[in-house]
1. Applying 1/(1 + (r/R0)^6) with R0 = 30 Å to the Cβ-Cβ distance of residue 98 and residue 298, what FRET efficiency is obtained, to the nearest 0.05?
2. Suppose we look only past 19 Å in the calculated P(r) of the stretch 49-108. What percent of the Cα-Cα pairs does that tail hold?
3. Could you calculate the contour length gain from residue 358 to residue 400, that is, 0.36 nm times the residue separation minus the distance between their Cα atoms, to one decimal place in nm?
4. I need 100, 64 ordered by Cβ neighbour count within 10 Å, fewest first.
5. Please give, to one decimal in nm, the separation of the simple spin-label points placed at residue 368 and residue 50, each 7 Å out from Cα toward the Cβ.
6. Once fully extended, how much extra length lies between residue 277 and residue 387, figured as 0.36 nm per residue of separation less the alpha-carbon to alpha-carbon distance?
7. Give, in nm to one decimal, the length gained when the segment between residue 377 and residue 315 is fully stretched (0.36 nm per residue of separation minus the Cα-Cα distance).
8. Would you mind computing, in nm to one decimal, how far apart the modelled labels at residue 411 and residue 35 are, each placed 7 Å from Cα along Cα→Cβ?
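Please treat every number below as a calculation from the coordinates, not as lab data. Here the structure is a predicted model, which means the values were calculated and not measured. Because the Cβ atoms are built from the backbone with ideal geometry, glycine has one as well, and the counts that use them run over all protein chains shown.
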């Protein structure tokens, strides 16, 4: 991890917070944590909670963690993979069980992607099946995952000839006790399949990062591709007579999903890594250009917030204006997003009082008309227009134009229908065009 360029590029506080997260006692085997900024900040007496939040935002922007502010959940992305917990069957089972306790859809998708990157020849199909169920929204450990857990992975490494391993797996009957995995290339002093009750109480932080291409692509995806190509018939391993029925259906699909995900993810991850590096350099440029000389921890906090704003595709011009505004005020760095938002609203706040009053009245009238149209199930051109999806960030002029167009069509429909009822179909098509324009 300390040789990873992306990790080295993080601020000192972000590195320290990442190591702190990896050593939390309440860290689940899946890599999930409940966000507790105030408690974490107690370990940093010289830092404010806002700077810890900025460090978390920096880690999130660099894809080392995923933070869901709505559910107060955090996921260390590659905890299972890079800490090699998947090589311990009992720990992997505990990780899969705890994964279904995650409520955040954002964390579930990120963890599902990580599970698909585990080497199936070691873990068996359980992680890939669990990934499918996580994305489907299962709240408890599904029967398909339990069944997949009974299917062993190969005890050989990816470089060993896999043919004999497949034959042995097909011939070996299912056993009621827990399997003991073969030692890794560099075996630990205790390679037993029953690890200590709390193996992550003080885990090694090495290799958990998500930023570098070497970590993300150089080990697991290439191993998956070579292993899948080398195995002559992977399907019979998951479809033998000894395998329970749910696994016969789920395992082939899971294996294909893992392989396709690994192959298709290479270009995505390479591109994402480049985007992250560009975003970090742009944040460095904006902060150094538009802020006066500041202590390092202040600059680190500003960079973390700027990276988050760039991820939201906020224009650099607005960020630069917000940084200039922050530099002229006595405010903590956590106020930067609010100041950037203030600059983005400058074109609205700079309007005259009469114009602002008109904007407010137009918005109030629009919402009142829309509420009446919904209550009465109004399908007239006006009703369809106000109930349709609006353009993003519509101003008063846009709302007035939509209402005027709908009003003209409503009047035209009535007059034309009275003169020539045969033209009603054409006007119905016009209603469709109006609805599409409003959308």
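1. 0.20
2. Distances greater than 19 Å cover 38 percent of the Cα pairs.
3. Numbers: separation 42, 0.36 × 42 = 15.12 nm, distance 1.09 nm.
Full-extension gain reported as 14.0 nm.
4. 100, 64
5. 4.1
6. Numbers: separation 110, 0.36 × 110 = 39.60 nm, distance 4.27 nm.
Full extension from residue 277 to residue 387 adds 35.3 nm.
7. Working: separation 62, 0.36 × 62 = 22.32 nm, distance 4.01 nm.
In short, 18.3 nm is gained.
8. 5.2
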